[in-house]
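*Asks:* First the structure, then my questions, so here it is.
The values are calculated or read from the model by the stated rules, or taken from the named source; none is laboratory data. Bear in mind the structure is a predicted one, so any value in this text is a computation, not a measurement. Neighbour counts are summed over all protein chains in view; Cβ atoms, including those assigned to glycine, are modelled from backbone coordinates with ideal geometry. Side chains are part of the model used for accessible areas, which takes the heavy atoms of the whole protein and leaves out ligands, DNA and RNA. Shrake-Rupley method; radii C 1.70, N 1.55, O 1.52, S 1.80 Å.
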Amino acid sequence: MATQHSRSAARLMMAPAVILLLGWMLVPLIMTLMFSFKKYLPLRGGDLGWIGFDNYVRFVTSSAFWPSVVATLAIVGGVLAITVVFGVLLALLLNQPMWGQGIVRILVIAPFFVMPTVSALVWKNMFMDPVNGLFAHLWKFFGAAPIEWLSQASLQSIVMIVSWQWLPFATLILLTAIQSLDSEQLEAAEMDGAPPLKRFSYIILPHLGRAITVVVLIQTIFLLAVFAEIFVTTGGAFGTRTLTYLIYQRVLESQNVGLGSAGGVYAIILANIVAIFLMRAVGKNLDA
Amino acid sequence: MGQIKLNQVTKSFGDVEVIPPLDLTIEDGEFAVFVGPSGCGKSTLLRMIAGLEDLTSGSVEIDGTDATTTPPAKRGLAMVFQSYALYPHMSVRKNIAFPMRMAGVDQAEQDRRIKAAAEALNLTDYLDRRPGQLSGGQRQRVAIGRAIVREPSAFLFDEPLSNLDAALRVGMRLEICEMHDRLKTTMIYVTHDQVEAMTMADKIVVLQAGVIEQVGSPLELYHKPRNVFVAGFIGSPKMNLISGAEAEKHGARTIGIRPEHIDVTGDSGLWQGVVGVAEHLGSDTFFHIHNTGLAETITVRAPGEVSFDNGDVIHLSPRLDQLHRFDAQGLRIE
Ligand SMILES: Nc1ncnc2c1ncn2[C@@H]1O[C@H](COP(=O)(O)OP(=O)(O)OP(=O)(O)O)[C@@H](O)[C@H]1O
Ligand SMILES: [Mg+2]
């Protein structure tokens, strides 16, 4: 569609944006890579020279590494399971014609607009506080001893908070997918003798397959980086130290930039593996 | 088995009454076609028979038993949708097997019926493909296959051929007719194409705004349209409808004469006019004639090649024994 001339003009005009984006991305990336091969302790002597792969080895052999991987997977897996299951159910519900549909839809979407720090603080102080929290009152009302959510069920609490934030996203994507289902297909299945549950499993669920994949992959990328919710609630204690949080502690609490950078590089590799799957799934979605 | 009877059936969407009270009986083994202009309630009526749409009042009887509140799956009817409504993530085989799977038919019987249907519909080579990998005509066949294997007491078709090109449509039309001759099952077929209606039906039901205008065999409708609407709707090209002084002469408010019942000559005739457009089809020639003083245009169908051209003066002789006369209410005068 373009001539040689207009194509080179287009390249020229795109160049500033591309260069800016590249710089934005490449400079921190290269610095992280550089620091990861150095012994760099800002408050204890600063740059102490190149040390090869020592940081990489130390990061994975430290006693905190595997627990942090397990915590990360538990949070990502837990949130994914909750958001997909409840997302599908909510999408089915919101797709029914009902009174006040518009308002209900907005209410369902609302949590997505609340900043992670704010929502975590609200959950921590309003719901999960063992003395004044709503849950504590609820438990007391039924005569049970209030749970100290953030210490006794710390991982579950964080999964709950993060799920609450991401449920709207999953619901929204799945709702649009359900709305794109041809109603004649459901009617055909009804005439073919499929009761509601079978219509769900044979027609609706396969139709949602792609959308669920996309939800899972996009959420995974963001959930790997969950930070604020942990920072303002448990501060990484009680088994909630994820990979991201570990990197943060290495760099800022232990003031070991080299070690933290090595962890950062591991995280980049992990995120890219997920991204490749995401590209494939989304690409397929666009082809079909 | 497959007699369908509608008693005083009505349907309203909110305040809008789409179907005023309506009675209709479709006999076992009959090929009934619902025909009418767009939005007249054909699909609604079919969906009410299928059970996909609730009746506002009245009752539906299938084989003499009341089925008004029976769920769609229990009515023993199979439906073929305009959009085919195939299940896109299942292979053709699975699509066809789906109703049998839901009914718990055993595997050997399923295979036997799938094989029979695939052979009858020329689908054997495509059984392992997905619907997305088929042409429109093949998809249509799969949809029909899915209906056949249920061995229903009646088939319901909602404009099944309207997404196909003209050549394929003629082919599928024949196939559906042959299928009906073979299975002898009741079929109800919705279309807005009156050629489909004329060629396929044992019984045509002409609808307008939810009201049945006439029920009858194709030739009954052609020779004895009950009113002006049916007269104008059935037949292609359309019947010429003339009102005014010429109609008064025959003691009617409106008279109708089909294009094929007017003879044309160059020198003498009852009426005369100027040729507007002449359409030469080879087998026939259609003339659209202006300035006759009778109606806007008069359409004439002359067999074979007739050489009149735009602007020629032409003389018309209607065959008076084929004239249809209608009164002030638009009803036929015998
Ligand atoms: N769900 C609905 N809610 C409100 N009105 C409806 C609904 N479905 C159909 N109608 C109305 O009922 C009338 C009949 O619709 P129907 O689909 O039966 O027409 P049709 O004869 O099948 O037309 P076509 O040949 O275009 O398919 C139309 O005027 C339509 O607007
Ligand atoms: Mg219709």
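*Asks:* State the answer as a single residue: which of A:Ala237, A:Met191, B:Phe308 lies farthest towards the positive end of the charge dipole of the protein assembly as shown, with beta carbon charges of +1 for Lys and Arg and -1 for Asp and Glu, about the Cα centre.
*Replies:* Toward the positive end, the furthest listed residue is A:Ala237.
*Asks:* Now, a different point. Sticking with the crude label model, points 7 Å out along Cα→Cβ, report the distance from B:Lys184 to B:Gln133 in nm, one decimal please.
*Replies:* With each label point 7 Å from Cα toward Cβ, the separation is 4.0 nm.
*Asks:* Once you charge only the Cβ atoms, +1 for Lys and Arg and -1 for Asp and Glu, what is the size of the charge dipole of the protein assembly as shown about its Cα centre, to the nearest 20 debye? Mind dumping the intermediate values first?
*Replies:* Details: 49 positive and 55 negative charges, 686 e Å.
For this selection, approximately 3300 debye.
*Asks:* Need one number: buried accessible surface between chains B and A, 1.4 Å probe, both sides summed, DNA, RNA and ligands left out, in Å² to 100. Let's see the in-between values first.
*Replies:* On the way: alone 15470 and 17210 Å², together 30980 Å².
When B and A are taken together, about 1700 Å² of accessible area is lost.
*Asks:* Once phi is turned into θ = phi - 60°, what whole-Hz ³J(HN,Hα) does the Karplus curve with 6.51, -1.76 and 1.60 give for every residue of the range B:183-188, x standing for Gly and Pro?
*Replies:* With coefficients 6.51, -1.76 and 1.60, one gets 7, 6, 9, 4, 10, 10 Hz.
*Asks:* Using only atoms on other chains, find how many Cβ atoms lie within 10 Å of each Cβ of peptide B:45-51 and report the average. Write down the numbers at each step before the final one.
*Replies:* Numbers: counts 0, 0, 1, 0, 0, 3, 3.
If you average over the peptide's residues, the count of other-chain Cβ atoms is 1.
*Asks:* Which of the residues in the range A:202-224 show a loss of at least 20 Å² in accessible area from their chain by itself to the complete set of protein chains, at a probe of 1.4 Å?
*Replies:* Going by heavy-atom accessible area, the residues of the range A:202-224 that drop by at least 20 Å² are A:Tyr202, A:Ile203, A:Pro206.
*Asks:* State the percentage of accessible surface on the protein assembly as shown attributable to carbon and sulfur atoms; use a 1.4 Å probe and exclude ligands, DNA and RNA. Write out the running numbers ahead of the final one.
*Replies:* Details: 19080 of 30980 Å².
Solvent-exposed carbon and sulfur of the protein assembly as shown make up 62 percent of the total.
*Asks:* Continuing with the same structure: Which one, A:Phe35, A:Leu73, A:Ser254, is farthest towards the positive end of the dipole of chain A when Lys and Arg carry +1 and Asp and Glu -1 on their Cβ?
*Replies:* A:Phe35
*Asks:* How large is the helix-only mean residue ellipticity at 222 nm for the protein assembly as shown, computed as the sum of -39500 (n - 2.57) over DSSP H runs with n ≥ 4, divided by its residue count, in deg cm²/dmol to the nearest 500?
*Replies:* Details: 23 runs with 291 residues, N = 622.
So the helix-based figure for the protein assembly as shown works out to -14500 deg cm²/dmol.
*Asks:* Can you pull the mean other chain C-beta count within 10 Å for peptide A:192-199? Display every interim value, and only then the final one.
*Replies:* Numbers: counts 16, 12, 6, 3, 0, 0, 3, 1.
Mean shielding by partner chains, rounded to a whole number: 5.
*Asks:* Work through the residues other than A:Gly45 whose Cβ is under 13 Å from its Cβ and net out their charges, Lys, Arg +1 and Asp, Glu -1.
*Replies:* Once positives and negatives cancel, what remains is +2.
*Asks:* Still on this structure, I have one more. Counting Lys and Arg as +1 and Asp and Glu as -1, each charge on the Cβ, what is the dipole of the range B:11-126 about the Cα centre in debye, to the nearest 20? Working shown, then result.
*Replies:* Numbers: 11 positive and 16 negative charges, 126 e Å.
So the magnitude is around 600 debye.
*Asks:* Follow-up question, since we're still on this one. Which angle between 0 and 90 degrees, to the nearest 10, do you get for helix B:107-120 versus the longest principal axis of chain B when only C-alpha atoms count?
*Replies:* Helix B:107-120 sits at roughly 20 degrees to that axis.
*Asks:* Give the peptides B:107-114, A:174-181 in descending order of average Cβ contacts within 10 Å, highest first. Display every interim value, and only then the final one.
*Replies:* Numbers: B:107-114: 14.4, A:174-181: 16.5.
Averaged packing, sorted descending, gives the order A:174-181, B:107-114.
*Asks:* Mean separation of Cα pairs under 8 Å and 6+ residues apart, divided by the residue count of the range A:154-288: what relative contact order is that in percent?
*Replies:* The value is 26 percent.
*Asks:* Cα convex hull of the range B:83-154: how many Å³ per residue?
*Replies:* Output value, Cα hull per residue: 88 Å³.
*Asks:* Residues with beta-carbon under 14 Å from that of B:Lys94, excluding B:Lys94: net charge, scoring Lys, Arg +1 and Asp, Glu -1?
*Replies:* Numbers: positive: A:Lys198, B:Arg93, B:Arg101, B:Arg113, B:Arg129, B:Arg130, B:Arg146; negative: A:Asp192, B:Asp111, B:Asp128.
The answer is +4.
*Asks:* Which order do the peptides B:254-266, B:301-313 take when ranked by the mean count of other beta-carbon atoms within 10 Å per residue, highest first? Before the final figure, lay out each step's value.
*Replies:* Details: B:254-266: 19.8, B:301-313: 12.9.
The packing order, highest mean first, is B:254-266, B:301-313.
*Asks:* Enter the accessible area of A:Tyr245 (Å², nearest 10), with the probe set to 1.4 Å and all protein chains included.
*Replies:* Roll a 1.4 Å probe over it and A:Tyr245 shows about 0 Å².
*Asks:* What's the magnitude of the charge dipole for chain A around its Cα centre, counting Lys and Arg as +1 and Asp and Glu as -1 at the beta-carbon? Answer in Debye, nearest 20. Spell out each step's value before the answer.
*Replies:* Numbers: 16 positive and 12 negative charges, 151 e Å.
That gives chain A a dipole magnitude of about 720 debye.
*Asks:* Let me ask something else. Which loop-located chymotrypsin sites (Phe, Trp or Tyr not before Pro) does the range A:31-101 contain, where loop means any DSSP state but H, G, I, E or B and the Cβ has at most 11 other Cβ atoms within 10 Å? Show your work: numbers first, answer last.
*Replies:* Values: sites: A:Phe35, A:Phe37, A:Tyr40, A:Trp50, A:Phe53, A:Tyr56, A:Phe59, A:Phe65, A:Phe86, A:Trp99; in loops: A:Phe37, A:Phe53, A:Trp99.
Here the sparse-neighbourhood loop sites are A:Phe53, A:Trp99.
*Asks:* Relative contact order for chain B using alpha-carbon pairs under 8 Å, separation at least 6, rounded to a whole percent?
*Replies:* Working: 683 pairs, mean separation 55.3, N = 334.
Relative contact order of chain B: 17 percent.
*Asks:* With each pseudo-label sitting 7 Å past Cα toward Cβ, what's the A:Met98-A:Gln255 distance in nm, one decimal?
*Replies:* 5.6 nm
*Asks:* Turning to a different aspect of this structure: Using a 1.4 angstrom probe on the protein heavy atoms only, line up B:Cys40, B:Cys177 by accessible area, largest first.
*Replies:* On the way: B:Cys40 5, B:Cys177 30 Å².
My answer, sorted largest first, is B:Cys177, B:Cys40.
*Asks:* Put A:His137, B:His315 in order of accessible area, largest first, 1.4 Å probe: what do you get? Before the final figure, lay out each step's value.
*Replies:* On the way: A:His137 95, B:His315 25 Å².
In descending accessible area the options line up as A:His137, B:His315.
*Asks:* So what is the relative contact order for chain A, in percent, with contacts set as C-alpha pairs under 8 Å and at least six apart? Don't jump to the answer; show the numbers that get you there.
*Replies:* Working: 313 pairs, mean separation 82.5, N = 288.
Over chain A, the number comes to 29 percent.
*Asks:* Considering only C-alpha atoms, what is the centroid distance from the range B:184-250 to the range B:10-56, in Å?
*Replies:* The distance from the Cα centre of the range B:184-250 to that of the range B:10-56 comes to 18 Å.
*Asks:* Find which of B:Ala154, B:Met198, B:Val215 sits farthest along the positive direction of the dipole of the range B:140-288, computed with +1 on the beta-carbon of Lys and Arg, -1 on that of Asp and Glu, about the Cα centre.
*Replies:* Going by the charge dipole, the pick is B:Ala154.
*Asks:* Ignore the peptide's own chain and count Cβ atoms of other chains within 10 Å of each Cβ in B:87-96; give me the average, rounded.
*Replies:* On the way: counts 8, 6, 6, 3, 0, 0, 0, 1, 2, 0.
So the per-residue partner count for this stretch is 3.
*Asks:* Something else now. Where does the range B:4-229 land on Rg/Rh, using Cα atoms and the Kirkwood Rh?
*Replies:* On the way: Rg = 17.6 Å, Rh = 18.2 Å.
Reported Rg/Rh, Kirkwood definition of Rh: 0.97.
*Asks:* Further question on the same structure: Given a Förster distance of 25 Å, report the FRET efficiency between A:Val131 and A:Gln156 from their Cβ-Cβ distance, rounded to the nearest 0.05.
*Replies:* Values: r = 20 Å, r/R0 = 0.79.
Once rounded, the FRET efficiency stands at 0.80.
*Asks:* Show the residues, 5+ positions off or on another chain, whose built amide H is closer than 5 Å to the amide H of B:Phe34.
*Replies:* HN-HN under 5 Å from B:Phe34: B:Tyr189, B:Val190, B:Thr191, B:Val205.
*Asks:* Turning to a different aspect of this structure: Which ³J(HN,Hα) values in Hz, rounded to whole numbers, follow from the phi angles of the range A:232-242 under the Karplus curve 6.51 cos²θ - 1.76 cosθ + 1.60, where θ = phi - 60° and Gly and Pro get x?
*Replies:* Computed from phi, the couplings for the range A:232-242 are 8, 9, 9, x, x, 7, 6, x, 10, 7, 8 Hz.
*Asks:* Still on this model: Keeping every protein chain present and rolling a 1.4 Å probe, give me the accessible area per residue for the protein assembly as shown in Å².
*Replies:* Working: 30980 Å² over 622 residues.
Per-residue accessible area for the protein assembly as shown comes out at 50 Å².
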